[in-house]
Structure formats: C-alpha cells, structure tokens
Amino acid sequence: MNTAALYQHRWTLIRMPLALFAIALASAVWWWWYPIPPTRLIISTGQADGAYQFHASRYAEALARRGIQLDVLLSDGSPQNLERLRAVPASADLALVQGGFGWSSAVGPGIPKAPVQTLANVDIEALWLFSQGVPLTTLTDLDGLRVAAGPEGSGHRNLLRRLLAQERVPPEDIRWSDLSGLPARDALLRNEVDAVFMVSAPRSPGVEGLLAAPGVRLATLQGTGAIAERNKYLESRLLPQDGMGANLPSVDTSMLTTPTHLLAREDLHPALKRVVTAVALEVHGEGGPFHRAGEYPTLHASDFPSAPESRSVMLRGPNLFERHLPFWWAQVAKRLLLIGLPVLLVTTLLLLLVPAWLRWRLEGHVMRWYGELRFIEDDLASQNLDVGGMALSHIHNRLNHMETAIAAMQLPEELAQHWFTLRQHVEFVRSRILEYRGR
C-alpha cells in the first residue's frame with residue numbers, strides 16, 4: 001500500500017491500530033507484569049480464646065474498612081502456624097508466631113531459611129505459670145506434677161519442654177494435659193491439674209481469668225535473667241504490682257517474655273504486606289503492662305527476615321494512594337499512573353507523528369518535482385537566447401516525463417492543491433519552451 005493511501009485512510013489504518021495496540025499492551029502489562037493483588041487474605045492464629053485470635057479479629061475489622069477480607073484459621077499454636085506458611089502451596093498468607101521459632105532458637109534446623117518474612121513484632125507475650133496455694137519458684141518444681149500446657153505440638157508445650165530440658169527435668173516426668181486458656185483455669189480450680197503454663201499476651205482471656213481466679217497464684221520464678229541469657233528469644237521484664245488491675249499481681253513479679261511475630265509468606269504481594277503493616281501499626285499502637293505506647297509494633301530483634309515493605313511503612317508510612325484511598329482503588333490509581341499514563345503519552349505522540357511523517361513524505365514527492373522544474377529553468381537561463389532545437393527537444397522530453405509521473409501521482413484531498421499547482425508550473429515552463437521555438 002502506497003504512502004498516499006495510508007495517509008488518506010490514516011484513521012482506520014494507522015490511528016485505530018495504534019490505539020488498539022496500546023490498549024492491548026497496557027492490558028497485558030497490567031495483567032501479567034503488574035496485576036492487582038487479591039483482596040482476600042488468610043491468617044493462621046491459635047486457639048479460640050487466645051490472644052492471637054483476638055488480634056486477628058481486630059485485623060479483620062481494620063482490613064475490612066480498607067476493602068480486604070481476612071479469613072481466620074484456628075490452629076494448635078505457633079508450630080502449626082509456621083508450617084502453614086511454609087507449606088507448598090501455602091495454606092495461609094499471614095500467621096502469628098511466638099518468639100523462638102526462627103534464628104534465635106537452636107532448635108528447628110532449616111527454619112531460619114523458611115520462605116517467610118516478619119511484617120512486625122506486634123506484642124509481648126509472657127511465660128505464665130500458675131498453681132494453687134504456694135507460688136512455684138523454679139521450673140524444677142514441676143517435676144512429677146500434672147501440667148496443662150496446651151496440646152502436643154503447641155508453642156506452649158514446645159517452649160516448656162525446651163526449658164525443662166535445660167533444667168534437666170525429663171519431659172516424661174511431667175503428666176501433660178492438653179488444656180489451655182479458660183478450660184485449663186477451670187481444670188486447675190477443680191484440682192484436675194496442678195499447674196498451668198502458657199505463653200500469651202497479658203490481656204488474653206486465659207491469663208486474665210487465671211489472675212483473677214481465687215486461690216490461683218502466679219509463679220515468681222527465680223533466675224529469669226539467667227534463663228533469658230541462655231535463650232536469646234527470651235527477655236526478663238518486670239510485671240509491676242497492679243499492672244493488670246487492682247492487686248493483679250499483688251507484688252512486682254519478674255517475668256520471662258518473648259515477642260509475637262506477625263509473619264507473611266515471602267511471595268505475598270508487596271501491596272498486601274504494606275497494608276497489613278499499616279494495620280498492625282493501627283491496632284498495636286497502645287501500651288501494655290510490659291511496654292509503653294508506641295514501642296510496638298517494631299522490627300527490632302525479629303526471629304525472621306524483615307520485609308522491606310514493612311520497613312518502608314514503619315519509616316515513612318503508606319504511600320499517597322494507599323493513605324487516602326481504599327486498597328483496591330489505590331492499586332488501580334497506581335497502575336493508571338505507572339502503566340496507563342506512559343502508554344497514553346507514547347500513543348498520543350505516535351498518533352500525531354506517524355500521520356505527520358506520511359504527509360511530509362507526500363509533500364516531499366511534490367517538492368522533488370518542483371526541484372526538477374527549477375533545474376530545467378536554470379538550464380534555459382544558462383543557455384539564454386541561444387537554445388538550439390536539440391536542447392529544446394531534450395527539455396521538452398524531460399517535461400513530458402515529468403508530466404506523466406505527476407499525473408500518476410496519488411495525493412490525498414488535503415494535498416490536491418499542490419498537485420494542481422505543480423501541473424500549472426509544468427505548463428508554464430512548457431510555454432517558455434514554445435516561446436524559444438518561436439524565435
């Protein structure tokens with residue numbers, strides 16, 4: 001197809017294909033290279049009456065306001081939560097895991113290389129040990145007792161087994177009970193167990209229920225500093241008198257604590273990591289018995305690699321779109337800016353330049369014949385009045401060839417005036433040749 005036909009049908013042959021190609025390109029990039037993240041997440045928590053479940057319910061409310069649905073999966077504790085993140089394919093996107101299951105622990109080979117990342121350390125969990133009557137003072141006091149420490153494989157029982165091994169108390173010397181939380185409190189009050197051990201946040205229902213239960217005493221463990229020194233994921237902190245309410249506890253108590261990690265799959269979409277981190281900052285900004293307001297969430301002393309997106313949110317906050325728009329609309333706006341705007345600008349430029357280039361080529365064809373006419377006029381002028389018959393015949397043949405070529409030239413209507421003007425100029429030069437012949 002020649003240039004004139006292309007230019008004449010530029011809307012259907014040039015501009016429409018360019019527009020369709022731009023739409024297809026933007027759609028392909030949007031869909032394959034930079035897709036919009038899903039608006040549904042799954043978090044693995046813990047038992048129904050635990051602090052993890054309470055945290056997850058608050059996350060669900062905050063994420064729902066941003067247009068994201070959060071489904072909560074109950075579990076037997078931190079080991080199962082971590083396993084759900086590490087599974088292929090993963091059965092959860094997020095999980096709450098207590099300290100001691102990453103690189104700060106000597107157990108669990110391979111766990112530090114797990115494909116998970118820390119979004120934030122969101123809370124402090126304490127190691128609570130309750131009994132009736134005289135408070136326990138050492139972990140060796142548990143030897144031979146009936147101890148409720150959660151189901152087999154739970155984070156409570158795993159941690160207590162680890163600490164008992166350090167105190168050289170064989171696990172088989174403990175008569176284990178799978179109860180935890182409020183059921184464990186009730187069993188302790190009915191004298192069905194001798195002690196209750198749990199790793200939980202201070203405001204969990206199980207801890208508050210045990211602290212307020214008549215006759216139940218919180219252990220005042222000795223040597224908590226030494227235990228924390230041996231286990232880098234533990235820290236010795238003071239639970240002040242009345243820190244949990246009136247006479248709860250009745251005296252200042254040295255406690256072992258560990259952080260609560262909010263973990264995510266490493267391949268979770270970066271935008272979802274950012275929004276979940278922002279939610280964690282919103283939910284956990286208040287103070288507690290073991291920390292001041294604003295101290296948590298943090299990425300300090302994390303047991304797993306921290307997500308770069310979380311560091312960015314904690315340092316600078318969410319980006320402009322995610323700060324002012326619902327999650328889905330923020331992602332659309334970002335892609336319109338990063339994909340739609342460049343494609344629109346490039347396409348607009350091509351829609352203007354390609355037809356202009358074709359017009360320039362067509363006008364160039366006309367100008368070329370004008371240049372040929374100028375050469376003929378220069379030849380006539382150089383020979384002045386002494387133009388012979390052979391020279392005139394040669395020039396006349398050149399004009400005939402030019403006229404034939406111009407007649408075959410196809411120009412769009414916009415350039416038709418140039419075509420007619422060119423033919424008039426050819427006739428003008430021909431008339432001059434006739435004048436020379438008349439002489």
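Points to keep in mind about this one:
- From the options 249, 240, residue that is in contact (Cβ under 8 Å) with a residue 12 or more places away in the chain and open to solvent by 40 Å² or more (accessible area, probe 1.4 Å): 240
- Of all the criteria given as (1) modelled with pLDDT under 90; (2) open to solvent by less than 40 Å² (accessible area, probe 1.4 Å); (3) farther than 30 Å from residue 418 by Cα, the one not satisfied by residue 7 is (3).
- Count of region 260-289 residues which are open to solvent by less than 20 Å² (accessible area, probe 1.4 Å) and not in a helix (DSSP H, G or I): 7
- The criterion of at least 2 residues that are within 17 Å of residue 98 (Cβ to Cβ) is met, among strands (runs of 3 or more DSSP E) falling completely within region 139-221, by 195-200.
- Just so you know, in region 53-90 the residues that are of a type outside the set (D, E, K, R), part of a loop (DSSP other than H, G, I, E, B) and touching a helix residue (DSSP H, G or I) at 6+ places or on another chain (Cβ under 6 Å) include one that is surrounded by the most Cβ atoms within 10 Å (Cβ to Cβ), and it is 77.
- Being at pLDDT 90 or above and open to solvent by 40 Å² or more (accessible area, probe 1.4 Å) is true of residue 24.
- With respect to the conditions (1) modelled with pLDDT of 90 or more; (2) on the phi > 0 side of the Ramachandran plot, residue 136 falls short on a single one, namely (2).
- Selected residue (only one of 173, 194, 186, 178 is more than 15 Å from residue 125 (Cα to Cα), within 41 Å of the chain's Cα centre (by Cα) and either buried (at least 20 other Cβ atoms within 10 Å of the Cβ) or modelled with pLDDT of 90 or more (or both)): 178
- Among the residues of region 91-104, those that are part of a loop (DSSP other than H, G, I, E, B) and surrounded by 20 or more Cβ atoms within 10 Å (Cβ to Cβ) comprise 92, 93, 99, 100, 101, 102.
- Count of residues meeting criterion [exposed (fewer than 15 other Cβ atoms within 10 Å of the Cβ) and small (Gly, Ala, Ser)] in region 301-336: 2
- Whichever residue in region 141-154 is within 17 Å of residue 127 (Cα to Cα) and either modelled with pLDDT of 90 or more or touching a Leu at 6+ places or on another chain (Cβ under 9 Å) (or both) and, among such residues, is surrounded by the fewest Cβ atoms within 10 Å (Cβ to Cβ): 151
The values are calculated or read from the model by the stated rules, or taken from the named source; none is laboratory data. Owing to the predicted nature of the structure, the values given are computational and were not obtained by experimental measurement. Neighbour counts are summed over all protein chains in view; Cβ atoms, including those assigned to glycine, are modelled from backbone coordinates with ideal geometry. Each accessible area value is taken on the protein alone, full model and side chains, heavy atoms only, with ligands, DNA and RNA left out. Shrake-Rupley method; radii C 1.70, N 1.55, O 1.52, S 1.80 Å.
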